[in-house]
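This report refers to the structure that appears directly beneath it.
The values are calculated or read from the model by the stated rules, or taken from the named source; none is laboratory data. It should be emphasised that the depicted structure is a prediction, and the values quoted were computed from it without experimental measurement. So basically every Cβ, Gly included, is an ideal-geometry build from the backbone, and we count neighbours across all protein chains shown. Accessible surface is based on the protein model in full, side chains and every heavy atom, while ligands, DNA and RNA are left aside. Shrake-Rupley method; radii C 1.70, N 1.55, O 1.52, S 1.80 Å.
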Amino acid sequence: MTISATETISPRSVITVSPQSGYTGAEITGVDLAEDLSDEVISEIRRALLRWKVVFFRDQTIGHAAQIAFARRFGKVTPAHPYEESPPEGFPEILPIDSRRYSAQYGRKRTSYDSSWHTDVTALVNPPAFSILRAEFLPPYGGDTAWTNLVAAYENLPAELRAFVDTLDAEHTFDNRASAGSNRARAVARTPLRTFHPVVRVHPETGERALFVSPGFTRHARNIRHLGPRLSAHLLDALWEEATRTEYTVRFRWQPGSVAFWDNRATAHLAIPDAGHLGHDRVLYRVTLEGEVPEGVDGRRSESVEGDPFYGS
Ligand code: SIN
């Protein structure tokens, strides 16, 4: 595939794909997500997504129903979140990411529900394959989101380290400490989710290998099987540092009507926590698509310790 400032997927392509950084992220133009898109356009979007790991659309005027309908073109849409208790009425698939809710829940404004690098809901044995996030109300400045390319992070490790981390499994759980005392924290304690995932997963569509650890879900347990707590913590720190090297990342400035669509099998993301302290509000809506149980390089699959798989429809 030729890479230029804008990248045409095929000579007959109807969409335009403009890479936003050297490894990660592309903006797609020429698509109105409110329309019933042709199979050809859907497969071009999917190809761009697999290539760039996250794609962005601007100036979309869609609501919850159209966001869910668009998501269904790529797979089964899950309920909003294993711990979401009050999605918007009539839309159980929509997860509101709404600073006004966090003020009510946690007694302080937050930019997003998580302020660390993470891949969505990896405490599940089958974490979501894709997420689609739509912005409605944004702070005047701040509140950007960054993504990192976990395939690039893996491929650029030294061969000896790659061979070693290929063999490892790490424990993923929700870290409840920041939300202690909240309804969310009680729900997590009532129905815990805990899974050992391969530290390196093989992407089921591209065959690429990706690092599959992120601080959001592995910092609480800090447990790589058989390594013990000290070595686990040191190795996870080193892998997180590699995974979030600036050159693998892209930073997206939201506007009302912006949509980001990412592949959780190849990325981690960070809601940059610089909006809450200013008192600014930020409202976005997310849907997730059902994911498969990850596989490591030797074909071993993730193992659930607590919790059920999360299915969509
Ligand atoms: C998410 O983690 O899915 C939301 C990211 C954000 O709030 O920017």
**Request:** Please identify, among GLY143, GLY25, GLY207, the residue showing maximal mean-square fluctuation in a Gaussian network model of the chain using a 10 angstrom Cα cutoff.
**Result:** GLY207
**Request:** Give the long-range amide H neighbours of GLU27: residues separated by 5 or more places, or on another chain, with amide H under 5 Å away, using H modelled in the peptide plane at 1.01 Å from N.
**Result:** SER18, GLN20, PHE56
**Complete:** So for the stretch 6-306, using the alpha carbon gyration tensor with a ≥ b ≥ c as root eigenvalues (a/c under 1.5 gives rounded; past that, a/b versus b/c decides prolate or oblate), I'd call it oblate
**Complete:** Given unit charges at Cβ for Lys, Arg (+) and Asp, Glu (-), the dipole magnitude of the stretch 56-160 about its Cα centre in debye, nearest 20, is 280 debye
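Would the stretch 152-287 count as rounded, prolate or oblate if I go by the C-alpha gyration tensor, calling it rounded below 1.5 in a/c and otherwise prolate when a/b exceeds b/c, oblate otherwise?
oblate
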**Fill in**
A 1.4 Å probe over the protein heavy atoms gives the stretch 6-306 a carbon and sulfur accessible-area percentage of 50 percent
**Prompt:** Using the alpha-carbon centroid of each, what span in Å lies between the stretch 239-291 and the stretch 64-106?
**Reply:** 16 Å
**Asked** Any idea what the dipole of the chain comes to, in debye rounded to 20, about its Cα centre with Lys/Arg Cβ at +1 and Asp/Glu Cβ at -1?
**Response** 780 debye
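In Å², what does the accessible area per residue of the stretch 6-306 work out to with a 1.4 Å probe?
Heavy-atom accessible area per residue stands at 40 Å².
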